[in-house]
Amino acid sequence: MQGTPADAFRALIEREGIVVEFGQGADGGAVALSHRVTLPLDTAKRLVLALNEPLARHAARLRAAEDAAARGHTPVNAPPDQAGAKAAQLMRLVGELDVPNQHERSFRLSADGLLANRFLLTVNSRDIRGDARARALAIGAELGMPDALRRAAQEKFGMAAALHFGFEGGPGSIICKLYLERAIPPEEAARAKPVLLHLAFKWDLVTAAEVISEYLWYPGLDAAGIETRLAQVYVDGAPAESFAIAKAALALAGARIPAERLQYLEVQEANGRRSFDLNVYDAALQVKDLLPLLHRMREHYGVPPGRVQALYDQIKAQALGHVAGGVHRNGRDFFNIYFR
Amino acid sequence: MRGAERFEYSTGQDPALNYCLWSYTRATPAEDKFRSVNLLYQSFDYAGIDARAFDIVEAIREAIGPFRTVFGIKFIGDRLAWEFYFYDYQRRSREVSITRVLDAIRPLVRCEPRPTESLPYFMFSLDLDHELAAGRRALDVVHMYVGNPGSAVSSGIAYAVRGSGTTLENFYFFFDGATQRAEAAGKICSSAYFDDTRLPVEEVLVPELSRCQTICVANKQTHDCVYFSGVDVAQLSFFLERLRYPQAIAGFVQEQRSRLDHLLFDVGFDYRMEGGRLKVLKSGYYGVF
């Protein structure tokens, strides 16, 4: 069999079959079609199904390509979209690991508005062929990871059962993140409260800020226990409405499953930020179940409703993953909502 | 979750569509104001309808996409009822079919009608009431609309499709609100249910509502009906007051006037003359979700 490269095609319907013509793109956007394949309908359908599986393995890389294609519509005179380019770069680099990954999106609501350009790509460390540490840190290096963070991540990498590559693009800020997640043995979860679950290395490509965050898991807390912890997050004049919303989110998830099955984390950072992360995936909620609380968050922060609605319309049927929130040292509070 | 907790807000991309899903030009920017579906949610709250009514709305929207369903909020005697309308002007090449919508709501509603998809209908509608939403009765009828070739104006014919068979229901005739008001008046007066020697036609062709985009006159089996399409929020308020809607309904529109002023609405009422007076049998106002 002779191999023939092709990077362009067109599909046609002809009588009872499907015709696919393959060729190569030329300068100026023209395509030179050179090969024509005629398929019966059932064969064409099997071909589509057969292509789905290998394409799924390259999903992250394809998303980067789609991003790049979308940016192709940018007006000629518009300034380059740095955040979009970095997001696409991260997706491409993780895609090049050529291992299965999970894509989890999120958005932030705060007094700064709606920030929706956020995502996490998660891979299992052991899936990475070769030196996982070197390959993961190489991705960090490509994305400008500061030396101090790289050294710290290198030292702690052995704890990582899973890696999360994070991205957050906003006005005046492009934050890249590398999370190392431990696999916690049940006996440790039973013994230690709290227990270190994630170590996160975060750096801002615009402001050069960097931070290492410890995500501490409080295993087995019941609803009252979580509420008590939340009260410690929202202390010292933190907005009562945010505390109330956080408690309402806990109640929403707790109405579906026992609170002990929710994973409650608190985040420790040297910058004085107090925050929590409530993993609610097991409650099998959808983003739309959170709608009344999204309205409250939006009103609390004075975010124009149309922008939130436009995002909500797209994601309302997605699985609700985490409700996170907290208060910066300066008293400004925020919520992050994760979904997939 | 109450309807008020589900309120939706217009985005910059929301289309402006009337009750025939024809687009119109907005008078003011829409972003951050109410979507018309909030009128539906508010009426659900007021009526205390079973929460499954919201699920039916979601199921339909998930099945056929946003802004493809017209809703009508009906005031009949002293109770509210609702109707959902679906359009696909591609007729036999339609994407939005009766079968597709019934399949979407079947997990929530028992559906008895057996549609014939080879018929050239361009529109159909489903009735919703407390009993149906609560699952205490089946959906027993789908109203199916076909064109009316031969009419001098845009026109349609409605049939009731039931499990037991199909029966003729109504005829609809559309007139341009700016240029064909006299023709609309002529149509209203050409009826067994209205005698313009005893009542002025303005009882039906209400002047405050006639300043609209389209007037539709319908001849039904036991009465007639008139619709005013493309009225603004002030006219909607006028309509709700004139037709004596519950204060919670009329008051909501009045209170939220500034959040509704980017929309045009559609209103209508069924009537016949009885004892020399006009009797309004039911009325409705419409929006899109």
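Just so you know, all these numbers are worked out from the coordinates, no wet-lab data involved. What you see is a predicted model, and the numbers here were worked out from it, not measured in a lab. Glycine also receives a Cβ, built like all others from the backbone with ideal geometry; neighbour counts cover every protein chain displayed.
How do A:175, A:13 line up, fewest other C-beta atoms within 10 Å first?
Details: A:175 21, A:13 10.
Placing the least packed residue first, the sequence is A:13, A:175.
Hey, with R₀ at 45 Å, roughly what FRET efficiency would residue A:13 and residue B:167 work out to, going by the Cβ-Cβ distance, to 0.05? Before the final figure, lay out the partial values.
Values: r = 40 Å, r/R0 = 0.90.
The value I calculate is 0.65.
How big is segment A:197-263 on each of its three principal axes, counting only the C-alpha atoms and giving the largest first in Å?
Result for segment A:197-263: principal-axis Cα extents of 42, 28, 18 Å.
Explain nothing, just compute: Karplus ³J(HN,Hα) = 6.51 cos²θ - 1.76 cosθ + 1.60, θ = phi - 60°, for every residue of segment B:225-241 in order, whole Hz, x for Gly and Pro.
8, 10, 10, 10, 9, x, 8, 8, 5, 5, 5, 4, 4, 4, 4, 5, 5
Search the structure for amide H atoms under 5 Å from the amide H of residue B:9, placed 1.01 Å from N in the peptide plane, and list their residues when 5 or more places away or on another chain.
Placed amide hydrogens put B:35 under 5 Å from residue B:9.
Provide the packing ranking of A:287-296, A:320-329, i.e. peptides ordered by the mean count of other C-beta atoms within 10 Å per residue, highest first.
Output ranking for A:287-296, A:320-329: A:320-329, A:287-296.
Taking K and R as +1 and D and E as -1, what net charge do the other residues with C-beta under 13 Å from the C-beta of residue A:9 add up to?
Values: positive: A:10, A:36; negative: A:7, A:21.
It works out to a net charge of 0.
Please quote Rg/Rh for segment A:97-241 to two decimal places, taking the Kirkwood radius as Rh and restricting both calculations to Cα atoms. Before the final figure, lay out each step's value.
Working: Rg = 16.9 Å, Rh = 17.0 Å.
Rg/Rh for segment A:97-241 comes to 0.99.
What span do the alpha-carbon atoms of segment A:134-196 cover on each of the three principal axes, reported in whole Å from largest to smallest?
42, 28, 17
Could you quote the convex hull projected area for chain A, Cα atoms only and averaged over all directions, in nm²?
Working: hull surface 89.2 nm².
Orientation-averaged projected area of the Cα hull: 22.3 nm².
Ignoring everything except DSSP H segments at least 4 long, calculate the 222 nm mean residue ellipticity for chain A; use -39,500 (n - 2.57) per segment, divide by total residues, nearest 500. Present the calculation step by step, with values, prior to reporting the outcome.
Values: 10 runs with 119 residues, N = 340.
It comes out at -11000 deg cm²/dmol, rounded to the nearest 500.
Two decimals is fine: what's Rg over Rh for segment A:266-328, C-alpha atoms, Kirkwood radius as Rh?
Details: Rg = 13.4 Å, Rh = 13.1 Å.
The Rg/Rh ratio comes out at 1.03.
Let me see the P(r) profile for segment B:65-197: every Cα-Cα distance counted, bins of 10 Å, each bin given as a percent of all pairs.
Using 10 Å bins, I get a P(r) of 11, 34, 34, 17, 3, 0 for segment B:65-197.
Please report the spacing between the Cα centers of segment B:14-77 and segment B:79-106 in Å, no decimals.
14
In what sequence do B:199, A:90, A:163 fall when counting other Cβ within 10 Å, fewest first?
On the way: B:199 15, A:90 22, A:163 28.
Sorted ascending by nearby Cβ count, the order is B:199, A:90, A:163.
Which of the pairs A:288/B:220; A:156/A:247; A:193/A:247; B:33/B:282; A:288/B:33 have their Cα atoms more than 31 Å apart in this structure? Don't skip to the answer; put the middle values down first.
Values: A:288/B:220 41 Å; A:156/A:247 34 Å; A:193/A:247 21 Å; B:33/B:282 29 Å; A:288/B:33 20 Å.
Cα-Cα > 31 Å for A:288/B:220; A:156/A:247; rest within.
Please list log₁₀ I(q)/I(0) at q = 0.16 Å⁻¹ for chain B, using the Debye equation with identical point scatterers on the alpha-carbon positions.
Taken in order of the listed q values, log10 I(q)/I(0) reads -1.44.
Could you give the nm distance between label points at residue A:102 and residue B:279, where each point is 7 Å from its Cα heading toward the beta carbon?
Computed distance between label sites residue A:102 and residue B:279 equals 6.5 nm.
Determine the distance separating the Cα centre of segment B:261-289 from the Cα centre of segment A:85-112; give it in Å without decimals.
When both Cα centres are located, 52 Å separates them.
Work out from phi, with θ = phi - 60° and the Karplus expression 6.51 cos²θ - 1.76 cosθ + 1.60, the ³J(HN,Hα) of each residue of segment A:201-209, listed in order in whole Hz, and give x for Gly and Pro.
Coupling constants for segment A:201-209: 10, 10, 9, 9, 6, 8, 9, 6, 5 Hz.
Give me the mean projected area, in nm² to one decimal, of the convex hull enclosing the Cα positions of the protein assembly as shown. Intermediate values should be presented prior to the final figure.
Details: hull surface 146.0 nm².
Spelled out: convex hull of the Cα atoms, projected over all directions, averaged, 36.5 nm².
Note the angle between two axes, namely the Cα long axis of helix A:305-315 and the longest principal axis of the Cα atoms of chain A, as a number of degrees from 0 to 90, rounded to the nearest 10.
Helix A:305-315 sits at roughly 60 degrees to that axis.
Rounding to the nearest 10 and keeping the result within 0 to 90°, find how far the Cα-based axis of helix A:291-301 lies from the longest principal axis of chain A.
Tilt of helix A:291-301: around 70 degrees.
Using a Förster radius of 56 Å, what is the FRET efficiency between residue B:151 and residue A:317 based on their Cβ-Cβ separation? Nearest 0.05, please. Don't skip to the end; give the middle numbers.
Numbers: r = 43 Å, r/R0 = 0.76.
E(calc), rounded to 0.05, equals 0.85.
Pull up all non-local amide H partners of residue A:263: gap of 5 or more, or a different chain, and H-to-H distance under 5 Å with H placed in the peptide plane.
HN-HN under 5 Å from residue A:263: A:279.
Could you work out, residue by residue across A:287-300, how many beta carbons of other chains sit within 10 Å of that residue's beta carbon, and then give the average as an integer?
Numbers: counts 0, 3, 1, 0, 5, 6, 1, 1, 5, 1, 0, 1, 0, 0.
Averaged over the peptide's residues, the number is 2.
With θ taken as phi - 60° and the coefficients 6.51, -1.76 and 1.60, list the Karplus ³J(HN,Hα) couplings across segment B:177-188 in order, rounded to whole Hz; mark glycine and proline as x.
Karplus-based 3J(HN,Hα) across segment B:177-188 equals x, 8, 10, 10, 5, 5, 5, 4, 4, x, 5, 4 Hz.
Gap in Å between the Cα centre of segment B:213-233 and the Cα centre of segment B:156-177?
Measuring centre to centre over Cα atoms gives 14 Å.
For segment B:24-97, state which GluC sites (Glu not before Pro) are in a DSSP loop and have at most 15 other beta carbons lying within 10 Å of their beta carbon.
Here the GluC sites (Glu not before Pro) that fit, given the DSSP loop and packing criteria, are B:95.
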